[in-house]
Amino acid sequence: MDRRITKEELKLAVTEAYKRFRENREGKNADYIPYLAHIDSNLFGIAVCLPGGETITVGDCDYRFGIESISKVATALLVLKDYGPETIMDMIGADATGMPFNSVLAILLENEHPSTPLVNAGAISAVSMVRPVGNSCGKWEAIQSNINQLCGNVLPLIDELYKSESASNSNNRAIAWLLKNYGRIYDEPEISLDLYTRQCSLGVTAKELSIMAATIACSGYNPVTKKSVFPPQLTEKITSMMATVGLYEYTGDWMFRCGIPAKSGVGGGIIGVLPGIFGIAAFSPPIDKAGNSVRAQLAIRYIMEQLRLNIFSGERVVIV
Ligand code: GLN
């Protein structure tokens, strides 16, 4: 027998999470990308999107912020769709590095075994695989169109963020060229770096992110636009990657505590996917040492605990 959770109970948990953590002052805005340092640290929003397409939102869910590393999930799906999971395993991999998202050391240590499209190195590799290879404009169209379909809206580029990030991404440039050295980048390093930087600079809202998370939770079917974005069998592939490395070196602690595959971005967003149940997104700029929003983690954790949800529990749950 399925355990039933009502939408009212869900709304209550979301509202309570917002109230509890609104005043939390831990963490601080990312400042290695100058644009991000100046975003209002008080912004906070939580959004949940259900398989029926209904969204529950509390707080700043229409504020547009940098999607940053959450874009890695979208582009991973794009290349998984285009090349198939086994080719992605061969060309990129699916292992956690246990190191920071922009680690150069991880590439040196793992050059025999590539890592995952959810850290910078693997994400730049993934971007390099997007077709048509060699055609920056065509690739950008493919990347954007895929993210737009996942989010159910057209995401604008935050030009100021793109400029700020392009002017400060020497570490990522080093990663792109090191990948070239190891034969793990499949297009021009500079084109791949630029497109990666651009996809990170797309502006998204917590509500749109919850729709993207729900599309993953609903086996590739966007419950708001009612269109299929990727084949159903990719949900388990992308959620397993999120469960492995979605919060970088804190992912094990996160999964142990919260039981929800998630992905963070240094812009302050986090998405969480409970297949068949819902997609959740929370946003607040102050981040912890690994680059994960503090308030967003607290909020998602609270909601998961409050409703006794956990991907590993084996319990069947429906939201009615
Ligand atoms: N664009 C950022 C970077 O490459 C994304 C990092 C993140 O969100 N964790 O550094």
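The values are calculated or read from the model by the stated rules, or taken from the named source; none is laboratory data. As the structure is a prediction and not an experimental result, all values here were calculated from the model. Note that we place each Cβ from the backbone using ideal geometry, even for glycine, and neighbour counts take in every protein chain shown. The protein model used for the area step is the full one, side chains on, heavy atoms only, and it has no ligands, DNA or RNA in it. Shrake-Rupley method; radii C 1.70, N 1.55, O 1.52, S 1.80 Å.
General remarks:
- Stretch gain in nm, segment ASP40-GLN306, where the contour uses 0.36 nm per residue and the Cα spacing is subtracted: 92.9 nm
- In this rough spin-label picture, where each label sits 7 Å from Cα along the Cβ direction, the ARG3-VAL320 distance is 1.5 nm.
- Taking segment 159-209 and dividing mean pair separation by its residue count, relative contact order in percent (alpha carbons under 8 Å, at least six apart): 47
- Taking SER201, SER170, SER145 and ordering them by how much accessible surface each has at a 1.4 Å probe, largest first, produces SER170, SER145, SER201.
- Relative contact order of the chain: 29 percent, from C-alpha pairs under 8 Å at least 6 residues apart in sequence.
- Once the Kirkwood radius over Cα pairs is known for segment 67-106, the Stokes-Einstein relation at 10 °C and 1.306 mPa s delivers a diffusion coefficient of 140 µm²/s.
- Kirkwood hydrodynamic radius over Cα pairs of segment 22-69, then Stokes diffusion coefficient at 10 °C and 1.306 mPa s, in µm²/s: 125
- Working note: Cα atoms of segment 43-93, range along each principal axis, descending, whole Å: 42, 27, 14.
- Solvent-accessible surface (1.4 angstrom probe) belonging to LYS226, in square angstrom, nearest 10: 110
- With the cut-off at under 14 Å, measuring from each backbone N in segment 76-101 to a point 7 Å along the Cα-to-Cβ line of TYR182 picks out 90-101.
- Counting only residues at least eight positions apart within a chain, or on another chain, the aspartates and glutamates with an alpha carbon under 14 Å from that of LYS139 are ASP82, ASP187, GLU188, GLU190, ASP194.
- Comparing GLY268, GLY45, GLY84 in a Gaussian network model of the chain where C-alpha atoms under 10 Å apart are linked, the largest mean-square fluctuation is found at GLY84.
- Largest to smallest principal axis extent of the C-alpha atoms in the chain, angstrom: 53, 40, 35
- For the options LEU209, LEU77, LEU234, a Gaussian network treatment of the chain with springs between C-alpha atoms closer than 10 Å singles out LEU234 as fluctuating the most.
- Rg of the Cα atoms in segment 147-272, relative to 2.2 N^0.38 Å, amounts to 1.16.
- Environment charge at GLN306 (Cβ cut-off 9 Å; Lys +1, Arg +1, Asp -1, Glu -1): -2
- Rh (Kirkwood; distinct C-alpha pairs) - segment 242-316, Å: 12.0
- Viscosity 1.002 mPa s, temperature 20 °C, Stokes-Einstein D of segment 193-262 from Kirkwood C-alpha radius, µm²/s: 159
- Counting only heavy atoms of the protein chains and using a 1.4 Å probe, ARG22 has close to 100 Å² of accessible surface.
- Sites ASP62 and LEU105, calculated FRET efficiency, Cβ-Cβ separation with R0 45 Å, nearest 0.05: 0.70
- Which of VAL130, VAL318 is most accessible, then next, and so on - probe 1.4 Å: VAL318, VAL130
- Residue-count net charge about GLN233 - beta-carbon cut-off 13 Å; Lys, Arg +1, Asp, Glu -1: 0
- A Gaussian network model of the chain, with springs between Cα atoms under 10 Å, assigns the largest mean-square fluctuation among GLY252, GLY183, GLY220 to GLY183.
- Per residue, the average separation of C-alpha pairs within less than 8 Å and at least 6 apart gives segment 96-230 a relative contact order of 28 percent.
- Taking a sphere under 15 Å around the Cβ of ALA262 and counting the other residues whose Cβ falls inside, with K and R at +1 and D and E at -1, yields a net charge of 0.
- Take the Cα of ARG173, step 7 Å toward its Cβ, do the same at ARG20, and the gap between the two points is 4.5 nm.
- Accessible area of VAL204 in the full protein assembly, 1.4 Å probe (Å², nearest 10): 0
- Residues of segment 176-195 with amide N under 13 Å of the 7 Å Cα→Cβ point at ASP82: 186-188, 192, 195
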